[in-house]
Structures are given as structure tokens and as C-alpha cells.
Amino acid sequence: MVEMFIKAGFYEFDLLHIIPFSSAWENRKILFFDVEKALPYLHKAFSFSKDPRVHIWTNRLPAHYLEGYERLIQDPSKIMDEVAGRTEMFDDFFKKGREFYCRGERCTYCFLEKFCTDLRSFKKNKILDPEKWPTCISKADSLKRGDALALKDVYDGKKVDMKKFVDFYIKERYFVKSLRCKKCKESKHCSGAPVALMKERGFKILRTIK
């Protein structure tokens with residue numbers, strides 16, 4: 001399809017990953033697919049980005065499927081747009097203790113699964129620690145580690161500062177591993193490295209430990 005459109009004179013594509021909402025969820029047996037099995041086809045589509053005329057964007061596609069095409073990883077700051085679209089839901093969670101309406105089977109298919117899990121942990125424990133960096137790479141000088149995020153820094157009992165929470169999450173909690181990491185002996189104890197770092201330097205900096 002991408003090739004067909006390029007031949008027709010179209011050179012910009014936004015590849016939107018299927019998300020578990022509305023008709024997509026109702027028709028999930030038809031629409032949802034095994035992303036890892038489909039990687040050869042996805043990489044074929046991504047390969048068109050090597051053509052200087054072509055611009056490809058990805059939207060909500062998990063970063064670990066973009067190894068080799070890291071520059072196509074969606075900018076982590078876009079998480080703020082996702083959060084802005086759910087302002088009422090997050091407000092109700094803090095003010096009224098109302099659980100997210102979409103929680104359940106859909107979570108494992110959702111781009112914000114880890115974000116929402118962290119938000120629940122943050123509210124319950126009143127603190128959220130940074131993820132540990134993997135032992136296979138050195139700390140990047142350009143991304144300094146932060147301190148644990150205390151509830152008082154973001155939530156005053158009435159209003160939550162979601163921007164501060166998102167900023168912390170992106171820098172200190174939004175981590176990703178390479179698919180190669182499944183073979184690493186540290187895999188069960190490692191969350192990977194920041195998505196922003198993978199977008200900047202590539203997954204090649206992660207080395208599996210045998």
C-alpha cells in the first residue's frame with residue numbers, strides 16, 4: 001500500500017498503531033495482529049523512509065518494534081497529548097478515587113498501560129522511584145538521573161500536576177528493551193533504557209549478557 005501511494009505521488013505517511021478503543025476493540029478478532037510475526041512487513045514499510053522524498057511517522061507503535069529504524073520512534077513528549085485527551089478521567093481518579101473506565105482486558109494492548117500502572121502506584125505509595133539503568137550500558141551524560149518523585153511534588157490533595165508527572169515518567173520511567181534482550185540473563189531484572197535515549201542512539205547500545 002505504501003509503495004502504491006508513493007508511485008501515485010504521496011510521500012508522507014502517519015502509521016497509526018491499532019489501539020483498543022471504540023470499533024477497533026469491538027472488532028479486535030479481525031483487526032488485532034501479532035506484531036512480532038508482522039515485523040518483516042512493518043520493516044518493509046519502514047524501509048521506504050530511506051527514500052529522501054518520503055517522510056514516515058509512527059503513532060503509538062511500541063518503540064521496541066522499531067529497532068533499526070529508531071529515528072521513526074514517536075517523540076516521547078507526545079505522551080502529553082495522550083494524557084491531555086484523558087484529563088477528566090485522571091482528575092476523577094485523584095479527586096473521587098474513580099478507577100479508569102477502560103481498565104481491564106484492554107490494558108495489555110494500550111500504549112499507556114505502564115503509565116497508568118505507574119500512576120496507580122504513585123497514588124497508593126505516595127512516591128515513585130526512577131527505573132534502574134541496565135548494567136550493559138553506561139549512564140548517558142545527556143540524561144541525568146532524577147530523584148524519586150514524591151506525591152507532594154505533584155499532588156496537593158486537590159489537584160494533580162499531570163505535566164510534572166509526565167515529565168518525570170518520560171525521563172525516568174518510560175523505558176524500553178530490545179527484542180534481543182529476551183536472550184539476556186539480566187532480562188527479568190531489567191526494564192531497559194529510556195525511550196528517548198534509544199531514539200537518539202539506537203538499540204545497538206544494549207548488549208545481551210550471556
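The values are calculated or read from the model by the stated rules, or taken from the named source; none is laboratory data. These numbers come from a predicted model, not from an experiment. FYI the Cβ positions are ideal-geometry reconstructions off the backbone, even for glycines, and counts take in every protein chain you see.
Taking helices (runs of 4 or more DSSP H) as the structural unit, those lying wholly within the stretch 98-210 and holding at least 1 residues that are in contact (Cβ under 8 Å) with a residue 60 or more places away in the chain, touching an Asp or Glu at 6+ places or on another chain (Cβ under 9 Å) and of a type in the set (D, E, K, R) correspond to 195-201. From the list E3, E12, pick out the single residue that is acidic (D, E), exposed (fewer than 12 other Cβ atoms within 10 Å of the Cβ), closer than 24 Å to D75 by Cα and out of contact with any Cys (no Cβ under 8 Å at 6 or more places or on another chain). So the residue among E3, E12 that is acidic (D, E), exposed (fewer than 12 other Cβ atoms within 10 Å of the Cβ), closer than 24 Å to D75 by Cα and out of contact with any Cys (no Cβ under 8 Å at 6 or more places or on another chain) is E12.
Tally time: how many residues in the stretch 7-59 are among the aromatic types (F, W, Y) and touching a Phe, Trp or Tyr at 6+ places or on another chain (Cβ under 9 Å)? Give the steps one after another, and end with the answer.
So in the stretch 7-59, the residues among the aromatic types (F, W, Y) come out as 10-11, 13, 21, 25, 32-33, 41, 46, 48, 57.
If we keep only those that are touching a Phe, Trp or Tyr at 6+ places or on another chain (Cβ under 9 Å) as well, we get 11, 13, 25, 32, 46, 48, 57.
Within the stretch 7-59, residues that are among the aromatic types (F, W, Y) and touching a Phe, Trp or Tyr at 6+ places or on another chain (Cβ under 9 Å) number 7.
Just to be sure before I move on: is F10 of a type in the set (A, V, I, L, M, F, W, C), at pLDDT 95 or above and not in a helix (DSSP H, G or I) in the structure I sent? The answer is yes for F10.
The residues listed here are I19, I79, I30, I56; of these, the one that is in a strand (DSSP E or B) and of a type in the set (A, V, I, L, M, F, W, C) is I56.
What are the residues in the stretch 59-76 that are of a type in the set (D, E, K, R), in a loop (DSSP other than H, G, I, E, B) and touching a helix residue (DSSP H, G or I) at 6+ places or on another chain (Cβ under 6 Å), if any? Working first, answer last.
Step one: filter the stretch 59-76 for residues of a type in the set (D, E, K, R), giving 60, 67, 70-71, 75.
Within this subset, residues satisfying the condition of being in a loop (DSSP other than H, G, I, E, B) are 60, 67, 75.
Matches in the stretch 59-76: E67 only.
In the stretch 105-119, the count of residues that are in contact with a Leu (Cβ under 7 Å, 6 or more places away or on another chain) and either at pLDDT 95 or above or more than 30 Å from A24 (Cα to Cα) (or both) is one or more.
Filtering the stretch 173-210 to residues that are out of contact with any Phe, Trp or Tyr (no Cβ under 6 Å at 6 or more places or on another chain) and on the phi > 0 side of the Ramachandran plot leaves only G202.
Sort out which residues of the stretch 49-67 are under 21 Å from V35 (Cα atoms) and either surrounded by 14 or more Cβ atoms within 10 Å (Cβ to Cβ) or without any contact (Cβ under 8 Å) to a residue 40 or more places away in the chain (or both), and write them in order of number. Quick ask: steps written out before the conclusion?
The first filter runs over the stretch 49-67 and keeps only residues under 21 Å from V35 (Cα atoms), leaving 49, 56-67.
Matches in the stretch 49-67: S49, I56, W57, T58, R60, L61, P62, A63, H64, Y65, L66, E67.
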